[in-house]
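Single-structure report; data block below.
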Ligand SMILES: [Zn+2]
């Protein structure tokens with residue numbers, strides 16, 4: 001009998017550890033799978049191996065206590081500027097951008113999309129310089145301008161807006177190039193939007209629009225959102241107020257309402273100058289919440305009101321957006337928007353990109369670009385970030401062994 005028991009125990013010890021790690025007792029929010037409850041999550045190799053009410057601890061090499069924490073898919077930030085290292089000053093294909101790894105894992109972000117830093121001409125350089133060298137998953141929206149976001153003289157050059165060449169590079173880099181960007185155009189023509197949509201149509205990917213200088217007479221916002229963009233295209237900087245998103249009477253522009261009905265996507269793109277409370281508060285009070293929450297990370301936003309993905313998410317929490325929705329807008333919604341549906345969820349077999357977050361209660365302040373401060377009593381912080389099953393950030397060493405003398 002005793003021998004049989006020993007054999008059984010030995011057998012369990014050998015075959016039992018089918019998981020590398022189990023996150024135990026965290027509150028899982030996984031919009032794709034409709035989970036908003038306490039669950040155990042098991043990782044094996046670089047994938048999610050199980051999500052269940054109870055996973056046997058004996059089956060895991062390591063168990064991490066996640067009680068009191070939120071366990072979500074790794075966050076996805078679809079508007080960032082990370083094409084740096086070229087040495088070009090005053091350029092988002094250069095010094096205005098930042099290396100992603102310094103800004104992502106510490107706030108639960110595992111995937112970023114560079115929004116138009118490079119165009120078809122300099123995408124190979126971006127890929128070599130940043131995409132291939134980063135631990136963060138870096139994806140790209142190609143600028144419709146072949147030279148990318150190198151400054152006004154490039155970005156206003158209609159002759160360098162080649163839908164054919166842009167689509168060709170996008171199609172040759174499927175799964176890395178996930179969208180087309182048009183931005184910063186100062187002229188009154190529709191050319192950049194039309195060519196971006198043509199490229200997006202050829203490559204079957206969405207277009208993200210920064211609508212540039214406001215020209216309400218020649219290219220009004222309502223026409224962009226109800227006529228020019230396709231369902232699934234993305235309007236970023238939705239709370240900037242720079243292009244009549246909010247009317248003088250305090251109501252949302254009819255184009256915003258109609259655009260959303262047609263399936264146009266609305267994205268935050270906070271940035272250094274694209275989020276003000278005088279627009280965000282009336283719009284959100286009218287029920288106009290973002291589909292996706294993104295930072296517009298660059299050197300002008302990182303130390304201003306934006307700061308990082310979790311700070312922007314915390315702003316929306318304090319504005320009254322439910323946590324479940326805030327997480328969805330930073331995980332599953334952006335994954336769908338860029339058609340990368342293996343990301344942004346905790347399905348079994350999905351890449352084990354996970355954010356373990358703490359919802360702190362206290363007295364906090366959140367600023368906008370007009371210099372106003374909003375007080376808040378909740379703030380998300382990051383405890384652990386897993387990228388492909390590896391704990392790449394672990395604030396309090398929850399995945400480590402305790403030091404013992
Ligand atoms: Zn931007």
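Based on this model, can you work out whether residue 179 counts as within 16 Å of the ligand (Cβ to nearest atom), in the same structural domain as residue 271 (by TED's automatic domain parsing), closer than 19 Å to residue 114 by Cα and surrounded by fewer than 19 Cβ atoms within 10 Å (Cβ to Cβ)?
Criteria not met by residue 179.
Which residue out of 304, 329, 352 is buried (at least 23 other Cβ atoms within 10 Å of the Cβ), under 29 Å from residue 141 (Cβ atoms) and over 14 Å from the mean Cα position of the chain (by Cα)?
Numbers: 304 fails: buried (at least 23 other Cβ atoms within 10 Å of the Cβ); 329 fails: over 14 Å from the mean Cα position of the chain (by Cα).
From the options 304, 329, 352, the qualifying one is 352.
Going through the range 265-279 one residue at a time, which ones are within 19 Å of residue 225 (Cα to Cα) and within 16 Å of the ligand (Cβ to nearest atom)? I'd like the intermediate steps shown before the answer.
Let us first name the residues in the range 265-279 that are within 19 Å of residue 225 (Cα to Cα), namely 265-269, 274, 279.
Selection gives 265, 266, 267, 268, 269, 274.
Keeping to the range 190-214, report how many residues are assigned to a loop (DSSP other than H, G, I, E, B) and closer than 24 Å to residue 120 by Cα.
Here the count works out to 8.
Which condition does residue 187 not pass, out of (1) outside any helix (DSSP H, G or I); (2) within 16 Å of the ligand (Cβ to nearest atom), if it passes all the others?
(2)
Does residue 92 satisfy being part of a loop (DSSP other than H, G, I, E, B), within 16 Å of the ligand (Cβ to nearest atom) and in contact with a helix residue (DSSP H, G or I) (Cβ under 8 Å, 6 or more places away or on another chain)?
Answer is no for this residue.
Can we say residue 217 is assigned to a loop (DSSP other than H, G, I, E, B) and more than 16 Å from the ligand (Cβ to nearest atom)? Can you show your working first?
Values: assigned to a loop (DSSP other than H, G, I, E, B): yes; more than 16 Å from the ligand (Cβ to nearest atom): yes.
Yes; evaluated as a whole, the condition is true for this residue.
I'm trying to understand the selection: among the residues of the range 105-152, which are under 21 Å from the mean Cα position of the chain (by Cα), assigned to a loop (DSSP other than H, G, I, E, B) and away from the ligand (no atom under 16 Å from the Cβ)?
108, 132, 133, 134, 135, 136
Just for the range 128-153: of the residues that are farther than 19 Å from residue 298 by Cα and in contact with a helix residue (DSSP H, G or I) (Cβ under 9 Å, 6 or more places away or on another chain), which one is surrounded by the fewest Cβ atoms within 10 Å (Cβ to Cβ)? Can you show your working first?
Filtering the range 128-153 down to residues farther than 19 Å from residue 298 by Cα leaves 128, 132, 144-146, 153.
Next cut, in contact with a helix residue (DSSP H, G or I) (Cβ under 9 Å, 6 or more places away or on another chain) only: 144-146.
Working: 144: 33, 145: 31, 146: 21.
Across the range 128-153, the extreme among qualifying residues is 146.
Closer than 20 Å to residue 206 by Cβ, touching a residue at least 60 places away in the same chain (Cβ under 8 Å) and within 16 Å of the ligand (Cβ to nearest atom): does that describe residue 77? Lay out the reasoning, then the answer.
Working: closer than 20 Å to residue 206 by Cβ: yes; touching a residue at least 60 places away in the same chain (Cβ under 8 Å): yes; within 16 Å of the ligand (Cβ to nearest atom): yes.
It is true that residue 77 is closer than 20 Å to residue 206 by Cβ, touching a residue at least 60 places away in the same chain (Cβ under 8 Å) and within 16 Å of the ligand (Cβ to nearest atom).
Which pairs have Cβ atoms under 9 Å, sit 6 or more apart or on different chains, and link a residue in the range 291-304 that is outside the structural domain of residue 89 (by TED's automatic domain parsing) and near the ligand (Cβ under 9 Å from one of its atoms) to one that is modelled with pLDDT under 95 and assigned to a loop (DSSP other than H, G, I, E, B)?
Taking only residues 6 or more apart or on different chains, not a single pair turns up.
The values are calculated or read from the model by the stated rules, or taken from the named source; none is laboratory data. Because the structure is a prediction, the values reported are computed rather than measured. Quick reminder, even Gly has a Cβ in these numbers, built from the backbone with ideal geometry, and neighbours come from all protein chains shown.
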